[in-house]
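To start, the structure under review is shown below, and the notes come after it.
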Amino acid sequence: MSKSLQAIRGMNDILPEQTPLWRYLEGSVASLLDGYGYRQIRMPIVEFTELFKRSIGEVTDIVEKEMYTFADRNGDSLTLRPEGTAACVRAVLEHGLAGAGQTQKLWYIGPMFRHERPQKGRYRQFHQIGVEVFNLDGPDIDAELIVLTWRLWGLLGIRDAVTLELNSLGTSEARATYREALVEYLAARADQLDEDSRRRLSSNPLRILDSKSPETQALLIDAPKLADYLDDESRVHFEGLKARLDVAGIPYVINPKLVRGLDYYSKTVFEWVTDQLGAQGTVCAGGRYDGLVEQMGGKPTPGVGFAMGIERLVLMVETLGKVPAEIARQIDLYVCAFGEPAELAALSLAERLRDQLPGVRLQVNAGAGSFKSQFKKADKSGALYALILGEDELAQQVVGCKPLRDQGEQQSIAWDALAEHLATCLEQP
Ligand code: HAM
């Protein structure tokens, strides 16, 4: 196929065999969030580029190298959203959802776009389910976010395969003091830093902490530690969060090098990581962003949230063999009709059954076909019963009801008694 007619690298079709698992995961998260009192918000996929620059940070990988940015026909610079937090904050501000200290517990789902190097678990169009909470500044809500994800891992059967990593970045003032100390230490040893870290020394020094270079990591062993610079407020907040996780019985690892790739975080940051997915091991990540709303022109409004990558969840559930057998969509009934008069009767009979048996999954054969070919299609559909309408059935106003999954005999059922008969058949396990 010519290149222009293929999907863009890193942007995937999700095929019919895969969608049942996607819908199961999306449905599980949605009903879990409903159960904790979160409400869904839907934002556009495209926003002004400025929004992402201001919130995510000019010198982050996302903004520097990964955004899909283009000029629209008006000459405005627009960007396909690389994440959901910025747009959610924009929407909350624009519609006054968090005015006068009003609490908001929101969630969203949808595609995000980053021009990263595609590999297993890392795509250029990927999907996130994200949660954002506004106007709650205590560790109780940070804990709730973690507790509800823990519950989700339990529901999906993947709890044993994920680890919670936790850190506190402190307030922006504390972080500024720490940044100075770190830069002073590293600047004196700049010649030993890898190239990326040397560049970050002036732009985003905290990101040096999660450098992949062994030499840089060796240098960091004696570097000043963020934990030693935490302000009292952040320390108390962090202790409060840990106490709650202890009570909830959720294990965690403190990772002092966890700084996250987006600039808006303060205090709590966390990641759920796994060793099941190779290099792309972060399944869900987030943290607190108490300064972001103000930075974007609103009143001071604390915020905290996370996002999970649906592709990575799909991979996890598949890798661990936790795909529930019953999620593949199954047809209950397949109607076979032979000849035009029978096809007409089948159409009205099928619609009547849909009225009488709400929720029934019923497929009517389309495209005519011989006895053999229609039966083959009925069988392939996964239906439990084939309903057969030929000339004889039409004359007698009956339907042949043939079990497809067990050895039962075909029965002749009068049209008037069909709904009741099928209701009984379909109820049986
Ligand atoms: P993030 O760490 O950039 O945070 O992304 C969150 C999750 O999205 C990752 O842990 C991963 O599961 C998934 N993800 C990210 N990039 C890709 C990719 N290229 N391919 C597949 N999956 C990916 C955020 O986006 C923040 N907005 C999270 C947040 C919400 N913080 C506070 N509120």
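The values are calculated or read from the model by the stated rules, or taken from the named source; none is laboratory data. Just so it is clear, the model here is predicted, and its values are computed rather than measured. We place every Cβ from the backbone using ideal geometry, glycine too, and count neighbours over all the protein chains shown. These area figures cover heavy atoms from the full protein model, side chains too; ligands, DNA and RNA do not enter into them. Shrake-Rupley method; radii C 1.70, N 1.55, O 1.52, S 1.80 Å.
Size of the stretch 366-427 from its Cα atoms: along the principal axes, largest to smallest, the extents are 28, 27, 20 Å. Placing +1 on each Lys and Arg Cβ and -1 on each Asp and Glu Cβ, with no other charges, gives the stretch 1-160 a dipole about its Cα centre of roughly 540 debye. Of the candidates GLY99, GLY305, GLY400, which one comes out as most mobile in a Gaussian network treatment of the chain with C-alpha springs shorter than 10 Å? Among GLY99, GLY305, GLY400, the largest mean-square fluctuation in the Gaussian network model of the chain belongs to GLY400. Projected over every direction and averaged, the convex hull enclosing the alpha-carbon atoms of the stretch 2-152 yields 11.7 nm². Checking the cross-link filter: which lysines have an alpha carbon closer than 27 Å to that of LYS372, excluding same-chain neighbours under 8 positions apart? Within the straight-line limit of under 27 Å, LYS372 reaches these lysines: LYS380, LYS402. Each principal axis of the Cα atoms in the stretch 300-362 has its own extent, and those three values, largest first, are 68, 38, 19 angstrom. When the chain is treated as a Gaussian network with alpha carbon springs shorter than 10 Å, the biggest mean-square fluctuation among VAL283, VAL335, VAL46 belongs to VAL335. Of all the options GLN374, GLN119, GLN102, the one that moves most in a Gaussian network model of the chain with Cα springs shorter than 10 angstrom is GLN374. Give the separation of the Cα centroids, the stretch 165-201 to the stretch 43-65, in Å. A separation of 23 Å, based on Cα centres. In this rough spin-label picture, where each label sits 7 Å from Cα along the Cβ direction, the LYS372-LEU155 distance is 4.8 nm. Taking 17 Å as the cut-off, the amide N atoms of the stretch 208-232 that come nearer than this to a point 7 Å along the Cα-to-beta-carbon line of TYR185 belong to 208-231. Each Lys or Arg adds one and each Asp or Glu takes one away; over the other residues whose Cβ falls under 15 Å from the Cβ of PHE238, this sums to -4.
Pairs exceeding 21 Å between alpha-carbon atoms, taken from LYS120/LYS212; LYS212/LYS257; LYS322/LYS377; LYS120/LYS322; LYS225/LYS257; LYS120/LYS242: LYS322/LYS377; LYS120/LYS242.
Computed from label points 7 Å out along Cα-Cβ, the spacing between GLU343 and PHE48 is 5.7 nm.
With every protein chain present, what is the per residue accessible area of the stretch 1-150 (1.4 Å probe, Å²)?
Values: 7420 Å² over 150 residues.
Averaged over the residues of the stretch 1-150, the accessible area is 49 Å².
Using just the alpha carbons, could you tell me how many Å³ per residue the convex hull of the chain encloses?
Details: hull volume 89.6 nm³, N = 429.
Dividing the Cα hull volume of the chain by its residues yields 209 Å³.
In a reduced charge model with +1 at each Lys and Arg Cβ and -1 at each Asp and Glu Cβ, the stretch 70-122 shows a dipole moment near 320 debye about its Cα centre. When only the Cβ of Lys, Arg, Asp and Glu is charged (+1, +1, -1, -1), the dipole of the chain relative to its Cα centre reaches about 740 debye.
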